[in-house]
Amino acid sequence: MKFFVDTADTAEIKSLAESGLLDGVTTNPSLIAKSGRKILEVIAEICAIVEGPVSAEVAATDYETMMREAAVLRKIAHNVCIKLPLTPDGLRACKALTNEGVQTNVTLCFSAAQALIAAKAGATFISPFVGRLDDIGQDGMELISEIVDIYGNYPALTTQVLVASVRNPIHVITAAKLGADVATLPPSVLRMLYHHPLTDKGLAAFLKDWQGTGQSIL
Ligand code: G3P
């Protein structure tokens with residue numbers, strides 16, 4: 001399973017890239033706004049840190065302007081993945097960009113039907129938002145299960161399931177059990193994956209016993 005980080009904070013991305021666990025980055029207009037920086041500058045900086053796909057989202061809602069924005073974004077670096085909303089114009093742009101060999105991430109997916117048409121449009125990634133479904137009392141992970149099953153019925157569909165709007169490690173583990181291809185995690189959730197109280201307790205005990213030996217490895 002690939003891990004992407006869902007942020008436009010380049011200091012966080014640098015630090016997480018050093019962990020060796022990072023396979024890509026996703027951003028969206030809200031995350032760019034939070035960074036307080038210009039989109040072209042931030043995406044260029046992220047692409048220089050991370051080798052894998054870096055999702056940069058168009059801001060237009062009509063096909064022609066989406067394509068013009070995509071042309072600007074894809075020039076930034078070879079690993080820019082164009083993120084498009086799940087609308088008729090977004091999927092039309094997805095199809096056109098896919099035909100030109102550009103990586104695409106179709107975002108704001110909330111149903112299996114939407115995921116199916118995104119795959120038919122040739123999306124490289126489909127981004128179902130699990131946390132936002134949970135927020136309205138629906139089961140976000142159930143949607144992941146449905147999409148994984150549907151895509152599995154059609155081996156010719158190459159779209160990867162990218163679990164988005166992840167809120168906690170249980171989302172990550174459930175996504176992995178279901179066989180999702182990617183999860184994009186807020187930095188805080190990625191860091192949570194390391195932790196277990198028994199690891200901390202065990203390490204403290206080992207260090208105490210080691211000190212008692214008076215030895216040094218170096
Ligand atoms: O980048 C898309 C997605 O991960 C947003 O998550 O937490 O704003 O629902 P959230």
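Here are some notes:
- Length gained on full extension, Trp210 to Ala48, computed as 0.36 nm times the residue gap minus the Cα-Cα distance: 54.2 nm.
- Structure-based [θ]222 nm, the chain - -39500 (n - 2.57) summed over DSSP H runs of at least 4, per residue, nearest 500: -15000 deg cm²/dmol
- Computed from the C-alpha gyration tensor, the three semi-axes of the ellipsoid equivalent to the stretch 2-213 are 33, 22, 14 Å, from longest to shortest.
- Ratio of the Cα radius of gyration of the stretch 1-45 to 2.2 N^0.38 Å, where N counts its residues: 1.12
- Share of carbon and sulfur in the accessible area of the chain stands at 57%, probe radius 1.4 Å.
- Per residue, the convex hull spanned by the Cα atoms of the stretch 131-218 measures out at 151 cubic angstrom.
- Phi to ³J(HN,Hα) by Karplus 6.51 cos²θ - 1.76 cosθ + 1.60 over the stretch 93-109, Hz, x for Gly, Pro: 5, 4, 4, 5, 5, 4, 4, 8, x, 8, 6, 10, 10, 8, 10, 6, 8
- With the convex hull of the Cα atoms taken as the outline of the stretch 12-104, the averaged projected area works out to 5.8 nm².
- ³J(HN,Hα), Karplus 6.51/-1.76/1.60, whole Hz, each residue of the stretch 78-88, x for Gly, Pro: 5, 9, 6, 10, 7, 9, 10, x, 7, 9, x
- For Lys2, the residues 5 or more places off, or on other chains, whose built amide H falls under 5 Å of its own are Val182, Ala183.
The values are calculated or read from the model by the stated rules, or taken from the named source; none is laboratory data. Worth saying up front: this structure is predicted, and the values here are computed from it rather than measured. Heavy atoms of the whole protein, side chains included, go into the accessibility calculation; ligands, DNA and RNA do not. Shrake-Rupley method; radii C 1.70, N 1.55, O 1.52, S 1.80 Å.
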